[in-house]
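Written below as structure tokens is the structure these notes are about.
No lab work stands behind these numbers, since they all come straight from the coordinates. Quantities reported herein were computed from a predicted structural model and do not represent experimental measurements. When we count neighbours, we look across all protein chains shown, and the Cβ atoms used for this are built from the backbone with ideal geometry, even at glycine.
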Amino acid sequence: MRRVLVLADDLTGALESGVLLEGAAVSLHAAPEGEAVVIDTETRHAEAAQARRIIEAWIKQIPAELIYKKTDSTLRGNIGAELAALPGGRIHYAPAYPRLGRTVRDGRLFVNGTPVEETAFAGDPLNPVLDGRIRHLLAPGGAPLERIVIHEGECERDLERAASAVLEEPVPRLAAGPAGLLRVLAARLGLEKRPVPLPGVPECLVINGSAHPVSREQMESAEQAGVFRRGWRKAALDDELERAPALIVFGGDTARAVLRRFGDPLLYPLAEVLPGAVASRFFRQGNSHLLITKAGGFGPRDFLIRIAGILRPASP
């Protein structure tokens, strides 16, 4: 039995989870080795019944002491149906991620202090979030509300309390939420990832596949600041990506489309470049590639400028 199984409904969420767990690899197709396993289930846009079947199948295939259903920090996807797929027992759901501005008060999700249904996430073309009341959102998907504990969260101490409640449960322990609660659980279980030095990145392709205005603003700001020069340039999915030593991709769906070009390789998370931006290594035909991913609707306007400042070697 593995110690931790994380099931994420898209690639950026899987990498956000994998970078917290020592030795974890992220896979789309098969269970990698190790005490902690992270699976990208690709169920964000699936029909609810299909999403539930996929989660049930992975749980049956990979027994674990802790099953963590990684959910979107803005409540997108099949959360109710996927929680219904978890085995019998109390489910601790902590939708808050205060570190990234996601908080829960009176059972309602806020993004940087604004109800999520009043933000740009209400206009998501694939998964609009029209109701930030968490129980109301879970019910249509068939979530077993009678055995779900929804934890409030406005600070890290709230996540610490939620983690304590999870660890008091019998095995298999059941938890869900964005990566905030998982970060605390990883530390409590002695599985917290050790820091890994990041390589310099003199050449990089930057692909924005997100329609969210936050990502568009980040790309515009980077262009105005001169980021796209000296080996860094903007790219599209139909460009020649296979020769790029490093790629920065905004949006989980776009990141998955990029990796299909490389045969959906196993991913090895290295470190967070900045909160919410994960650097990973993968290999294809003997060549090593660096991938940096970020969810589309996250980060300040100068996010890409800051990433370039960290990763790109200084001019002579």
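Some notes on this structure:
- Looking across the range 78-106 at every residue that is in a loop (DSSP other than H, G, I, E, B) and in contact with a Gly (Cβ under 9 Å, 6 or more places away or on another chain), the one that is farthest from A277 (Cα to Cα) is identified as N78.
- When we screen R173, R157, R133, R102 for residues that are surrounded by fewer than 19 Cβ atoms within 10 Å (Cβ to Cβ), closer than 27 Å to L5 by Cα and either among the basic types (K, R) or in contact with a helix residue (DSSP H, G or I) (Cβ under 6 Å, 6 or more places away or on another chain) (or both), the only hit is R157.
- Within the range 1-21, the residues that satisfy the criterion of being more than 8 Å from the chain's Cα centre (by Cα), hydrophobic (A, V, I, L, M, F, W, C) and assigned to a strand (DSSP E or B) are V4, L5, V6, L7, L21.
- Residue match in the range 187-207 (condition: assigned to a helix (DSSP H, G or I) and surrounded by fewer than 23 Cβ atoms within 10 Å (Cβ to Cβ)): yes
- Residue check for P269: of a type outside the set (D, E, K, R) and under 14 Å from V19 (Cα atoms): yes
- Candidate set: the range 278-312, residues that are among the aliphatic types (A, V, I, L, M) and out of contact with any helix residue (DSSP H, G or I) (no Cβ under 6 Å at 6 or more places or on another chain); chosen: the one farthest from G101 (Cα to Cα): L290
- Scope the range 98-122; condition within 19 Å of the chain's Cα centre (by Cα), touching a residue at least 40 places away in the same chain (Cβ under 8 Å) and over 13 Å from G297 (Cβ atoms); matching residues: P98, R99, T103, V104
- When the range 11-58 is filtered for residues that are of a type in the set (D, E) and out of contact with any strand residue (DSSP E or B) (no Cβ under 7 Å at 6 or more places or on another chain), the ones remaining, listed by number, are E33, E42, E47, E56.
- Filter result (under 26 Å from L20 (Cβ atoms) and either free of Cβ contacts under 8 Å to residues at least 24 places away in the same chain or within 16 Å of the chain's Cα centre (by Cα) (or both)) within the range 227-256: I248, V249, F250, G251, G252, D253, T254, A255, R256
- Filter pass, L109 being in a strand (DSSP E or B) and either crowded, with 19+ Cβ neighbours inside 10 Å or among the hydroxyl-bearing types (S, T, Y) (or both): yes
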